[in-house]
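Comments concern the structure below.
The numbers here are math on the coordinates, done by the rules we state, and not lab data. What you are looking at is a predicted structure, and each value in this text was computed from that prediction instead of being measured. So basically every Cβ, Gly included, is an ideal-geometry build from the backbone, and we count neighbours across all protein chains shown.
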Amino acid sequence: MTDRASPAAAYEGGPDNFAFSEATRKLAEKQIAKYPEGKQASAVKGLLDLAMRQMEDETGSRWLPRAAMDHVAGILGMAPIRVYEVASFYTMFKTRPVGRHHLQVCTTTPCWLRGSDAVLAACRRAAGNVPDGTVSEDGEFSVEEVECLGACVNAPVLWVGDYFYEDLDGQATERILEALKRGEHPAPGSAKGRQTSAPEGGPTTLKEVPPHQPYRPDPPAPEPAAPQADAGE
Amino acid sequence: MPKLTVDGIEVEVPPGATVLQACEMAGKEIPRFCYHERLSIAGNCRMCLVELEKAPKPIASCAYPVADNMVVHTDTPTVRAARRGVMEFLLINHPLDCPICDQGGECDLQDQAMGYGFDHSRYAENKRAVKDKELGPLIKTSMNRCIHCTRCVRFATEVAGVPELGATGRGEQMEIGTYVEHALTSELSGNMIDLCPVGALTSKPYAFVARPWELVRTDGIDATDAVGSNIRIDSRGPQVLRILPRLNEAVNEEWISDKARFSVDGLTRRRLDRPWMREGGKLRPASWAEAFAAIAARASGLGGDRIAALAGDMADLESMVALRDLMAALGSGNIDCRQDGARIDASRRDFYLFNSTIAGIERADAALLIGTNPRREAAVLNSRLRKRWLAGRFPIGVIGEAADLTYGYEHLGDGPAALTALLDGSAAFLETLKAAKHPMVIVGQGALARPDGAAVLAAAWTVAREIGALSEEWHGFNMLHTAAARVGALDIGFLPHGDGRGRDGILAGCEQGDVDLVWLLGADEIPMERLGRAFVVYQGHHGDAGAKRADVILPGAAYVEKDGTWLNTEGRLQQGFRAVFPPGEAKEDWAIIRAASAVLGATLSYNDLAGVRARAAALGAGRLDAPVGGGCADLGGPSGDPRALATDAFASPVRDFYRTDPIGRASPTMAACAATVAAPEAVAAE
Ligand code: SF4
Ligand code: FES
Ligand code: FES
């Protein structure tokens, strides 16, 4: 087993200081304003995400050092431990450094059946086979197996940054990773060129345009019967 | 009031109660791990399942509010099966290491596994392993045993007011800890050991010392502060091994401070176990007869005005009665119990009591703290203040140090100037206090042990009167003491008599050579260098400051080694019992004084405990037997000019929470705690 650090203990190697930049602060204020007075702590997840993104802008690695959690705690008036609890609960908050591209490979059953092993292997190779959860020597990649990403229709799925790469196989994965390494932005979505999660090779149903059904408004409600003057004829 | 049926018994419960509470009222015991009546409801252990008619599945009774006409069954095959299932899950990851676990014999999990566990495990997989956490010198952790009830987390956050513990990670990876490793900064942390239903949190100093069934239990009263917490003293043979809280809703609920709990190891160190006397500048062991003879030799021919006595902070009522009588018999009025020099006016009892009572804090709706840091001076009482503050609408003003008290307050100023502002109506907080129905004014010893103490006392009383804190129905003037002995001493008049000298006078007299013999009854907190050339008799239990200066040492008994009476800061008279005998030749203190009186030719009239207590009752008539609490009958304030205030800031007398008394100063555990507070990083790194 790899020597995985417990998520329940702080990572001690982070920066000593962290503070929101002007731009992040503005975004944070928007988040906080969503919640009623006295309930600011509800904004904690939004702020932690902002902090991770600022870390990415500043260092190229989207993760959450302790100093950032403390900063968020300070802004929201929470005890730091309450922020640590939230950050360590959600796996999307990375409390340890990640590579410039953090490769999250879905290995849950549908993806696995559709060949996630090859995707994972390609990712690990790209990261120089460092243990999962640690950063490759060049700082480019780190790999993590994740549970279902909710995109099983396009299995197997690789999640990098804000994008899903879908319908992968080993080669497609390698192409994407090389492009990432070159600093490009490979197009997210299906590697097989399908349109979102529509059937492979084009549609199988609804192939013709159904005959035009002109829009017919509801027939006007019958007018209340007018009293007939000559009813008594 | 909703009515419901529990196992065929009809009960009526207050609205908002839970099913578990209703079951208890019906006399049914419900097993539980996470539920605790003094903590918020978590509902996460599922051990308390019961069956509710018309509900599709068993319900967690601790988190289920009652409704009218519910029909609850607590002992059906379904309930039992459900609880067995819960127990099996709890034990999946539990190491089952009871033979090497300190909780063994007093473990909720062990007990309930007897009722709901299986005789073998069906779980063949690996158990999870959790790294132990370092929480400081008091709490030993064994986190594999943790069942994630979160009692400790809730205690730290809610009662202790130090939100430092949390449940980090989730699911299989959930762990209880501080995330960033550091020692807990609470004065009440030891209570988590009691709360933890398993052996995950146990006492570090007591690790592997004894099994609960080996211990003899004695009821005692804590003498390390003036709260008078009710304690249970667990001893084996001649040694006190640990101290636990006893339930007393009016005083300490079920908490005690870490000092009360953990300073026990000081009881076996630096003890005075035989008399000593100074010869040629050096102390040498002596016999009781020699020691008494030396005192008698020095005292013979001395006028009463050249003899003095000071009582220390842990002294029991009985010994102070005896010493007071002895001094009177020797013709001396130079006695004082205020070794810190607090300017207390003892002319009326409510001038020096915590009149609102500790439980009464929960009735109060505003508070003003003057020159006190209750967190350090009376940690358990502070948790009541916090409890009241958490309940909401409890504005607190503080005059003195702006320390972290675990609750929010308005800092009105550092010193008497803020008091003046309240007196002349220029402080806005005055309106808040006036608007309150039951405001409290709490005066600490830090505000009184200074030259203008009498003025501060009078000013505080005036403020209390002005804001309407003094009425027939509510007494909002409170003095917070730090010494367990103090109220009892004041009640029996252990104060200068006639034109006798008080503490300052005695010290000055010693310096100038006007006082030749000083009897220190466990008084270690006075400036010993000011005793000059006086002949010092030190009667006490520890080789502390007093013993170092002494010319004759009379070895006495610590508070767990004698049947004694203490009055807490509310004026509540409580008796503790002897758990073990004092070591070696040491004796109970009143008996020492009684024996000395015979040698000094001033034989006291009583020779048994009942006699001393009868004498105490006579001396303290109208005080010792007065009821605790009550309204204020007389608005007239203590002597002292509320305008004669000085300017320097108030400071709490307790600088080092862990080492306020000779026992704490002798205790390695308390030393470790003090070191942790001073340099938290250093210990965490160990
Ligand atoms: S350490 Fe003890 S009190 Fe704390 S969650 Fe675990 S079992 Fe409960
Ligand atoms: S299993 Fe991979 S996305 Fe659902
Ligand atoms: S006691 Fe009810 S769920 Fe734990």
Per residue of A:8-19, other chain Cβ atoms within 10 Å number on average 3
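Taking each residue in B:160-173, count the Cβ atoms of any other chain within 10 Å of its Cβ, then average. What number comes out?
Working: counts 0, 0, 2, 5, 3, 2, 10, 6, 13, 9, 7, 1, 0, 7.
Partner Cβ neighbours, averaged per residue: 5.
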Dipole in debye (nearest 20) - chain B, about Cα centre, beta carbon charges: Lys, Arg +1; Asp, Glu -1: 840
For A:L113 paired with B:A293, estimate the spin-label separation in nm (one decimal), with each label point 7 Å from Cα along the Cα-to-Cβ line. 10.2
Net charge around A:P188, counting only other residues with Cβ within less than 14 Å of its Cβ (Lys, Arg = +1; Asp, Glu = -1)? -1
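How would you classify chain B from its alpha-carbon gyration tensor, with a ≥ b ≥ c the square roots of the eigenvalues: rounded for a/c under 1.5, else prolate if a/b is greater than b/c, otherwise oblate? Walk me through the numbers before you get to the answer.
Details: a/c = 2.09, a/b = 1.53, b/c = 1.37.
Taking the square roots of the gyration eigenvalues as a ≥ b ≥ c, chain B is prolate.
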Using alpha-carbon coordinates, inclination of helix B:503-512 to the longest axis of chain B, degrees: 40
Please work out the C-alpha center-to-center distance from the range B:322-342 to the range B:55-72 and express it in whole Å. 63
Once you sort the root eigenvalues of the Cα gyration tensor of the range B:380-480 as a ≥ b ≥ c, which label holds: rounded (a/c under 1.5), prolate (a/b larger than b/c) or oblate (the other case)? rounded
So who's got an amide H within less than 5 Å of the one on B:L215, skipping anything under 5 residues away but keeping other chains? H placed 1.01 Å off N, in plane. none
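For the pair A:D162 and A:R182, what calculated FRET efficiency results from E = 1/(1 + (r/R0)^6), where r is the Cβ-Cβ distance and R0 = 22 Å, to the nearest 0.05?
Numbers: r = 19 Å, r/R0 = 0.85.
Using R0 = 22 Å, I get an efficiency of 0.75.
When Lys and Arg each count +1 and Asp and Glu each count -1, what net charge do the other residues less than 11 Å away from B:E279, Cβ to Cβ, add up to?
Details: positive: B:R278, B:K282, B:R284; negative: B:E290, B:D551.
Here the charged neighbours net out to +1.
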At 7 Å along the Cα-to-beta-carbon direction for both B:A328 and A:E29, put a label point, then send me their distance in nm to one decimal. 7.4
Between B:D119 and B:V71, what FRET efficiency follows from the Cβ-Cβ distance if R0 is 41 Å, with the result rounded to 0.05? 0.75
May I ask you to derive the FRET efficiency for B:E158 and A:A221 from their Cβ-Cβ distance with R0 = 56 Å, giving the value to the nearest 0.05? 0.35
For the range A:22-89, with the dipole built from +1 on Lys and Arg beta-carbon atoms and -1 on Asp and Glu ones, taken about the Cα centre, which of A:Y84, A:A43, A:M55 lies farthest toward the positive end? A:A43
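Per residue of B:25-32, count partner chain C-beta atoms within 10 Å of its C-beta, then hand back the mean as an integer.
Per residue, the number of nearby Cβ atoms from other chains is 0 on average.
Name the shape class, rounded, prolate or oblate, that the alpha-carbon gyration tensor gives for chain A, where a ≥ b ≥ c are the square roots of its eigenvalues, rounded holds for a/c under 1.5, and otherwise prolate holds if a/b is larger than b/c and oblate otherwise. Spell out each step's value before the answer.
Values: a/c = 3.17, a/b = 1.50, b/c = 2.11.
Verdict is oblate for chain A.
For the protein assembly as shown, give the share of DSSP beta bridges that are antiparallel, in percent and rounded to the nearest 5; count only bridges with both residues there. Mind dumping the intermediate values first?
Numbers: 48 of 91 bridges.
That works out to approximately 55 percent antiparallel.
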Order by neighbour count: B:R594, A:R100, fewest other Cβ atoms within 10 Å first, most last. A:R100, B:R594
Note down the nm distance, to one decimal, between modelled labels 7 Å out along Cα→Cβ at B:E88 and at B:R128. 2.0
For the protein assembly as shown, give the magnitude of the charge dipole about the Cα centre (Cβ charges: +1 Lys/Arg, -1 Asp/Glu; no others), in debye to the nearest 20. 1460
Net length gained if the chain between B:A55 and B:L96 were fully extended (0.36 nm per residue, minus Cα distance): 11.3 nm
Per-residue ³J(HN,Hα) for the range B:202-216, Karplus 6.51 cos²θ - 1.76 cosθ + 1.60, θ = phi - 60°, Hz, x for Gly and Pro: 10, 6, 5, x, 9, 4, 6, 8, 7, 9, x, 7, 8, 8, 9
